[in-house]
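Here's the structure we're looking at; comments come further down.
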Amino acid sequence: MTSRRALRLIASCLVAGVLAAAASTVPVAAEDRLLVLDIARNSLAPAMRTLRVRKDDAVTLEVKADRALVLHIHGLNLELVVGAGASARMSFTARATGRFPVEVHAVGADRRARHHGPPLAFLEVMPK
């Protein structure tokens with residue numbers, strides 16, 4: 001390999017390294033996220049069973065249900081009461097990262113009771 005080719009290769013590697021380092025330090029801006037959930041018979045469409053947002057996103061959940069229920073996001077201690085055949089909205093800022101189960105409770109049910117069955121969905125809050 002000639003010294004000229006070696007210098008070009010070294011320069012290319014340096015440029016690629018600088019670009020990669022710059023790309024990894026650019027902060028991702030928080031977004032406004034609207035998640036629409038249509039709950040029928042305590043179930044969601046498969047595509048809506050994992051809800052992904054980023055840390056610090058402003059999240060709005062719009063929930064429609066065929067029966068009265070309480071939507072509960074465990075770990076974040078967020079609850080939304082939804083009337084039968086009605087829609088309800090809840091907004092929050094996704095501050096904690098992690099994977100949080102989203103469950104449905106009957107209206108008036110004891111929140112401390114043990115849960116049976118799988119969660120309705122999971123809310124995944126990804127780091128920036």
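I'd like the full set of residues that are among the acidic types (Asp, Glu) and part of a loop (DSSP other than H, G, I, E, B), limited to the range 66-80.
Passing the criteria: only ASP66.
Considering each of VAL53, VAL104, VAL63 in turn, give the residue that is among the β-branched types (Val, Ile, Thr), at pLDDT below 95, in contact with a Leu (Cβ under 8 Å, 6 or more places away or on another chain) and not in a loop (DSSP other than H, G, I, E, B).
VAL104
Under the condition of being at pLDDT below 95 and not small (Gly, Ala, Ser), which residue from the range 33-43 is nearest to ALA94 (Cα to Cα)?
Per the criteria, the residue is ASN42.
Tell me, please, whether a residue that is aliphatic (A, V, I, L, M), surrounded by 12 or more Cβ atoms within 10 Å (Cβ to Cβ), touching an Asp or Glu at 6+ places or on another chain (Cβ under 6 Å) and under 14 Å from PHE122 (Cα atoms) can be found in the range 85-99.
Among the residues of the range 85-99, at least one is aliphatic (A, V, I, L, M), surrounded by 12 or more Cβ atoms within 10 Å (Cβ to Cβ), touching an Asp or Glu at 6+ places or on another chain (Cβ under 6 Å) and under 14 Å from PHE122 (Cα atoms), which makes the answer yes.
Please state which one of ASP57, ASP66 is of a type in the set (Asp, Glu) and surrounded by fewer than 16 Cβ atoms within 10 Å (Cβ to Cβ).
On inspection, the qualifying residue turns out to be ASP66.
Please go through the range 34-50 and pick out each residue that is without any contact (Cβ under 8 Å) to a residue 60 or more places away in the chain and either in a strand (DSSP E or B) or touching a Ser or Thr at 6+ places or on another chain (Cβ under 7 Å) (or both).
The answer is LEU34, LEU35, VAL36, ASP38, ALA40.
The values are calculated or read from the model by the stated rules, or taken from the named source; none is laboratory data. Keep in mind that this is a model prediction, so the values were computed, not measured. In this analysis, Cβ positions are derived from the backbone assuming ideal geometry, glycine residues included, and neighbour counts consider all displayed protein chains.
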